[in-house]
1. Which of these values of Rg/Rh (Cα atoms, Kirkwood Rh) was calculated from the structure shown: [x] 0.94; [y] 1.04; [z] 1.69?
2. Can you compute the FRET efficiency between residue 59 and residue 87 using 1/(1 + (r/R0)^6), with r the Cβ-Cβ distance and R0 = 25 Å? Round to the nearest 0.05.
3. Give the carbon-plus-sulfur fraction of the accessible surface of the chain in %, rounded to a whole number; probe 1.4 Å, heavy atoms of protein chains only.
4. Rounded to the nearest 10 degrees, what's the angle between the helix 62-74 long axis and the longest principal axis of the chain, both from Cα atoms, 0 to 90?
5. So what J values fall out for the stretch 125-137 if you push phi through Karplus, 6.51 cos²θ - 1.76 cosθ + 1.60 with θ = phi - 60°, rounded to Hz, Gly and Pro as x?
6. Based on DSSP H runs of at least 4 residues, each adding -39500 (n - 2.57), what is the mean residue ellipticity at 222 nm of the chain after dividing by all its residues, to the nearest 500 deg cm²/dmol?
7. Between residue 110 and residue 6, what is the spin-label point distance in nm, taking each point 7 Å from the Cα along the Cα→C-beta axis?
8. Probe 1.4 Å, all protein chains in place: accessible area of residue 70 in Å², nearest 10?
Amino acid sequence: MQSFDHSLPMRLYRALNAVMPRFRALFTAHGLTEPQWRVLRVLWEREEVPFRELAALTLLPAPSLVGVVDRLQNAGLVARRRPPSDRRQALVRATPRGRALEEDVMPAVERIYVELRESLDADTYAGLVAGLDALAANATAPRTSRHAPRATARRAATTNTAGE
């Protein structure tokens with residue numbers, strides 16, 4: 001069994017703890033929480049998003065998302081509407097004030113991303129992004145056999161043994 005320090009969850013937590021303080025300071029400076037940021041970030045890329053889809057995209061449970069959207073709506077950053085065709089559904093969009101916040105915040109976000117990319121060589125950064133994407137996709141995909149590891153997981157295990 002791997003030691004606690006070398007377990008994958010602890011490595012992911014350490015990486016998150018190394019990355020997120022820069023972003024959290026930026027969110028706080030603009031009066032936002034991390035969940036509020038996630039919602040706005042999605043809405044800046046899409047015109048209007050169904051509530052259930054917004055929950056899935058932000059990785060926020062729907063009951064938590066209700067409060068997040070309520071606070072953003074009270075701040076004038078988002079609006080909700082119910083389409084006449086299906087009043088059970090709620091659609092969420094960024095307001096003009098919410099869109100203006102994007103113009104204020106995103107240059108600083110881009111600077112943070114530049115710092116993060118420059119902290120690693122280009123191949124390592126690209127491999128990190130690809131590896132995290134593959135892990136997320138493979139960990140949630142149904143397995144065809146309980147005993148047969150996925151080919152991508154096998155390749156990753158044989159090519160990335162550094163630090164183990």
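1. So the structure-derived entry is [y].
2. Approximately 0.40, to the nearest 0.05.
3. So the carbon and sulfur contribution to the accessible surface is 57 percent.
4. Computed tilt is about 50 degrees.
5. Along the stretch 125-137, the couplings run 4, 4, x, 4, 4, 5, x, 5, 4, 5, 4, 4, 5 Hz.
6. Theoretical 222 nm ellipticity from helices: -21000 deg cm²/dmol.
7. Each label point is offset 7 Å from its Cα along the Cβ direction, giving 4.2 nm.
8. 60
The values are calculated or read from the model by the stated rules, or taken from the named source; none is laboratory data. Every value quoted in this text rests on a predicted model; they were computed, and no experiment measured them. Reconstructed Cβ throughout: ideal geometry from the backbone, glycine too, with neighbour counts over all protein chains shown. Each accessible area value is taken on the protein alone, full model and side chains, heavy atoms only, with ligands, DNA and RNA left out. Shrake-Rupley method; radii C 1.70, N 1.55, O 1.52, S 1.80 Å.
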